[in-house]
Amino acid sequence: QVQLVESGGGLVQPGGSLRLSCAASGSIFSIYAMGWYRQAPGKQRELVAEITSGGDARYASGVKGRFTISGYNARNTVYLSMDSLKPEDTAVYYCKADHVTGPDYYGMDYWGKGTLVTVSS
């Protein structure tokens, strides 16, 4: 059983910063990529940022230059540093692990339960 546990969400004022963490645990041999998605009320879940095992990162256009994804080391942990936060960044942020391989499974995707980020004055 693979579990993803997010932490670091909360309430922050516009212009502020937060850092989210996501740790994957379980019987894992490898993970192709880890990423962050978000879902605002009434909207579809969307990609925020993703990083592959090779270190390649991609970002949604609306967060480029403000958010940084990092980590994804041997500890299967990924971080999302969020600066210059805007009210429109308010959402539940979900961690995802892509193409996970273990002792008795191959190519599975897993999601965390999400952490709420609220940007408001």
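The values are calculated or read from the model by the stated rules, or taken from the named source; none is laboratory data. In this text the structure is predicted, and so the values were computed from the model without any measurement. Quick reminder, even Gly has a Cβ in these numbers, built from the backbone with ideal geometry, and neighbours come from all protein chains shown. Areas reflect the complete protein model, heavy atoms only, side chains present, ligands, DNA and RNA absent. Shrake-Rupley method; radii C 1.70, N 1.55, O 1.52, S 1.80 Å.
Points worth noting:
- Single unsatisfied condition, V12 versus (1) open to solvent by 30 Å² or more (accessible area, probe 1.4 Å); (2) more than 15 Å from the chain's Cα centre (by Cα); (3) of a type outside the set (K, R): (1)
- Residue selected from the range 36-54 under the condition under 15 Å from the mean Cα position of the chain (by Cα) and surrounded by fewer than 18 Cβ atoms within 10 Å (Cβ to Cβ), by the criterion modelled with the lowest pLDDT: S53
- Filtering the range 90-116 to residues that are among the acidic types (D, E) and either farther than 18 Å from R58 by Cβ or without any contact (Cβ under 8 Å) to a residue 24 or more places away in the chain (or both) leaves D104, D109.
- Note on the range 87-121: among residues that are charged (D, E, K, R) and either assigned to a strand (DSSP E or B) or touching a Lys or Arg at 6+ places or on another chain (Cβ under 9 Å) (or both), the one that is least open to solvent (accessible area, probe 1.4 Å) is D89.
- Filter result for S21 (among the hydroxyl-bearing types (S, T, Y), in a loop (DSSP other than H, G, I, E, B) and at pLDDT 95 or above): no
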